[in-house]
Amino acid sequence: MKIGIPRALLYYRYDLMWQVFFEELGAEVVISPPTTPAMLAEGSSRVVADTCLPTKVFLGHVLSLVGKCDYIFIPAIRSVTKDGYNCSKFLGLPDMTQAVIPESPPVLEIDIDVTRGQRQFYQAIYQLGKHFTWDPLRIRRASLLAWQAYQRYRELMSEQKLTLPRVIQRRGEVEGAVCWPVAAPVRATIALIGHPYLLYDEYVNHRLIYRLEQASNRVVTPEMLTMEELELAATRLVGKAYWAYEEEIVGAGGHYLQNGADGVIGVMSFGCGPDSLMMDVIQRQAARLKSIPFMSLTLEEHTAEAGIVTRLEAFTDMIHRRKKER
Ligand code: SF4
């Protein structure tokens, strides 16, 4: 059975975990190619203009998998922590996709909502695994291996301070691993804060990491921090996190504003409710601390590359000058 996984949204967080799970159950995984302008245009044509950019990109990836797989995997992830809720787009992703892309291959979905308790969570995994085998022990083994693979990958990023493209490169995958050496000497450390699907989709962000690294900057991201560091910083800023992944965004922003970075760039999507609230918290904290510069970049489908380049150059030049003066 060929399972298609769109290279968008939570793929940038859970790709390895999903891949290991399906392969352990004997399926072949087909991942859509990196985002192209045509994919974005096709995805955008299926939804209203106000839909956020990452969702349009996701739909473009689904369209690129039509005819290439037997099923397409689209999880509905409601919550991954006890009291943190995900953005509504993730909740309705399987239904929305089927409604706007009727030609999509049959959708293989799983409803993840940890607030409903462990029993429901395991049942959801079992229901998904049942498409491949009736053996509950085999499903259990596949899910454990998938979870271990995910943990190892997160540890690798936080212990060795690696960005996602470098982790992918270490895994030996060629496609999607666009890596380059950081131009020496390193003049500043820039923290990029945002959802992984904004930070790591090179087409969507106009090669943000590449541009920063080529300008002699080391890039640090939320994944390079431990859960404890993220939780501590997020609690200091907002107390109890409301949104899923809020600890990673607000926590990382709060942490890097005080430790380990010379400047922070918050990357968000136009029309995103959760991002506008979370970035506002970081922006206010930056204004309060006045320790290091903060810049926010809002991405949408009409964002011009030249605009991004100009802002990046101005921001990094200012940081380099500031460091030199000190
Ligand atoms: S969190 Fe924001 S950018 Fe992400 S899917 Fe939801 S609305 Fe879109």
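The values are calculated or read from the model by the stated rules, or taken from the named source; none is laboratory data. Note that the coordinates shown come from a computational prediction; the quantities given were computed from them, not determined experimentally. Cβ sites come from the backbone with ideal geometry, for glycine too, and all protein chains shown count toward neighbours.
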So, restricting to helices (runs of 4 or more DSSP H) that lie completely within the stretch 85-129, which ones have at least 1 residues that are crowded, with 20+ Cβ neighbours inside 10 Å and either aliphatic (A, V, I, L, M) or away from the ligand (no atom under 15 Å from the Cβ) (or both)? 93-100, 118-129
Filter pass, Arg284 being part of a helix (DSSP H, G or I), in the same structural domain as Asn205 (by TED's automatic domain parsing), among the charged types (D, E, K, R) and in contact with a helix residue (DSSP H, G or I) (Cβ under 7 Å, 6 or more places away or on another chain): no
Across the stretch 260-278, what is the total count of residues that are touching a residue at least 60 places away in the same chain (Cβ under 8 Å) and under 17 Å from Leu53 (Cα atoms)? 10
Assigned by TED's automatic domain parsing to the domain that holds Gln127, over 21 Å from the mean Cα position of the chain (by Cα) and either within 14 Å of the ligand (Cβ to nearest atom) or within 15 Å of Met96 (Cβ to Cβ) (or both): which single residue out of Arg78, Arg13, Arg46 fits that description? Arg46
Would you mind stating whether Glu313 is of a type in the set (D, E, K, R) and surrounded by 12 or more Cβ atoms within 10 Å (Cβ to Cβ)? yes
Can you name the number of the only condition in (1) part of a loop (DSSP other than H, G, I, E, B); (2) within 16 Å of the ligand (Cβ to nearest atom); (3) touching a strand residue (DSSP E or B) at 6+ places or on another chain (Cβ under 7 Å) that Gly260 fails? (2)
One residue from Asp275, Asp280 being within 16 Å of the ligand (Cβ to nearest atom) and in contact with a Gly (Cβ under 9 Å, 6 or more places away or on another chain): Asp275
